[in-house]
Amino acid sequence: MRFLKKVEEKVKRFKEVERELQDPVISQDTPRVKELGREYKNLERTVRLYREYLKIQGEAAEARHILGDKAQTEEFQSMAKRELESLEEKRKKIVHEIEGLLIQEDPKLLKNAILEIRAGTGGLEAGLFAGDLLRMYSRYSALLGFQFEILSSSPNEAGGFKEVIVSVNGGGAYGKFKFESGTHRVQRVPATEASGRIHTSAVTVAVLPEAEEVDVEIKPEELKIDVFRSGGPGGQSVNTTDSAVRITHVLSGLVVSCQDEKSQLKNKQKAMKVLRARLYEKITHERDSEIAKARKEQVGSGDRSEKIRTYNFQDRRVTDHRVGLTIYNLEAVLEGGIAPFVDALYEEELGKA
């Protein structure tokens with residue numbers, strides 16, 4: 001794990017605050033002492049976790065030394081191996097806690113998330129894999145105790161999806177899903193492939209922080225709302241009333257459609273949720289262009305043309321190309337076990353912060 005530079009900066013600040021609190025001159029300034037006291041308390045937990053982390057790193061280094069020492073007995077090396085596994089679990093727990101503390105410093109990471117999953121190259125097979133990713137994210141959300149709701153979907157005739165948009169509700173949902181933005185590549189033999197050849201398909205995922213009305217003001221006169229009859233796979237009608245809704249934000253040109261619900265009102269509400277999230281992303285991206293540039297240098301731009309992860313069914317492996325992490329348990333990953341990738345990407349980001 002790379003050194004958590006951001007945490008080290010907090011440790012440095014913690015020591016500065018300690019010195020200031022002990023300064024006789026500052027001790028006479030009651031408002032300043034109260035301010036420093038609050039900052040001290042906020043930093044204290046992070047510092048304690050970092051010190052525990054360093055202690056574990058030291059103990060792990062000793063265990064690795066024993067494992068590499070050929071002079072040690074097999075029993076002693078076995079003990080060292082078990083100790084190393086236990087220390088790794090403790091290290092992961094501490095990293096999770098530090099991650100949580102740092103997430104709290106960025107209000108955007110605490111927001112709900114909007115996920116837009118779209119089939120890319122690969123035709124029907126890409127659509128089937130879009131369905132696999134939808135299920136994977138649903139399972140991951142359940143593991144975290146988040147609510148998972150489909151806002152809009154466009155099925156294909158093979159039982160997959162051309163596009164599906166979902167909302168994930170729960171504290172820190174965007175923080176947990178933000179690294180999923182990008183192109184997910186799948187390598188497998190499609191069910192329709194008689195010769196057994198492996199095909200490569202792609203699905204793009206976009207993750208947006210859900211915006212509240214206070215985050216984005218949308219005036220009624222800025223919207224063009226059209227209603228139409230819902231259509232199913234292959235274009236057949238699935239509704240005899242004009243319940244589907246298409247909303248165009250005239251100023252930005254953004255367009256959102258929703259037809260999953262039989263109620264026109266519910267479709268409009270869901271479409272507005274997606275539109276608000278897209279506008280929020282557009283506004284914050286333009287306002288924070290420098291931050292976006294810095295983040296691109298750190299963990300990749302999240303551009304949808306980027307290949308961020310490959311799912312290889314033949315070898316049962318999943319590789320995240322941003323951190324070079326490969327897991328040889330594809331089934332577990334598709335059941336929602338993406339936490340190791342999320343943790344590694346946070347470590348990467350924190351190490352470069």
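So here's what we get for this one:
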{"item": "The chain: relative contact order as a whole-number percent, Cα under 8 Å and 6+ apart", "result": "17 percent"}
{"item": "Built amide H within the under 5 Å cut-off of VAL189, gap 5+", "result": "HIS199"}
{"item": "Relative contact order (%) - the range 115-238, alpha-carbon pairs under 8 angstrom, separation at least six", "result": "29 percent"}
{"item": "Nearby aspartates and glutamates by direct alpha-carbon distance to LYS219 (threshold 19 angstrom, same-chain neighbours under 8 apart not counted)", "result": "GLU210, GLU281"}
{"item": "GLU18-HIS96 FRET efficiency (beta carbon distance; Förster radius 22 Å; 0.05 resolution)", "result": "0.25"}
{"item": "Relative contact order (%) - the range 5-103, alpha-carbon pairs under 8 angstrom, separation at least six", "result": "26 percent"}
{"item": "Correct choice for Cα extents along the principal axes in Å that was computed from the model, options (i) 75, 62, 32; (ii) 66, 51, 40; (iii) 121, 51, 36", "result": "(i)"}
{"item": "Contour excess over end-to-end distance, with Cα ends at GLU83 and ALA61 and 0.36 nm allotted per residue", "result": "6.8 nm"}
{"item": "GNM top mover of VAL342, VAL256, VAL17 - the chain, alpha-carbon springs below 10 Å", "result": "VAL17"}
{"item": "Structure-based [θ]222 nm, the chain - -39500 (n - 2.57) summed over DSSP H runs of at least 4, per residue, nearest 500", "result": "-16000 deg cm²/dmol"}
{"item": "Positive-end residue of SER86, VAL11, SER27, charge dipole of the range 5-103 with Cβ unit charges", "result": "SER27"}
{"item": "Within a Gaussian network of the chain (alpha carbon springs, distance under 10 Å), most fluctuating of GLY175, GLY160, GLY324", "result": "GLY324"}
{"item": "Built amide H within the under 5 Å cut-off of LYS111, gap 5+", "result": "GLY172, TYR174, GLY175"}
{"item": "Chain lengthening between ARG38 and LYS266 when straightened (0.36 nm per residue, less Cα-Cα)", "result": "77.6 nm"}
{"item": "Contour minus Cα-Cα distance for GLU212 and VAL11 (0.36 nm per residue)", "result": "68.9 nm"}
{"item": "The range 151-186: GluC sites (Glu not before Pro) in DSSP coil with no more than 14 other Cβ atoms inside 10 Å", "result": "GLU157"}
{"item": "Separation in nanometres of the label points that stand 7 Å from Cα toward Cβ, at HIS199 and ILE327", "result": "2.6 nm"}
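All of the numbers you see were taken from the coordinates with simple rules; none came from a lab. Fair warning: this is a prediction, and the values are worked out from it, not measured in the lab. Note that we place each Cβ from the backbone using ideal geometry, even for glycine, and neighbour counts take in every protein chain shown.
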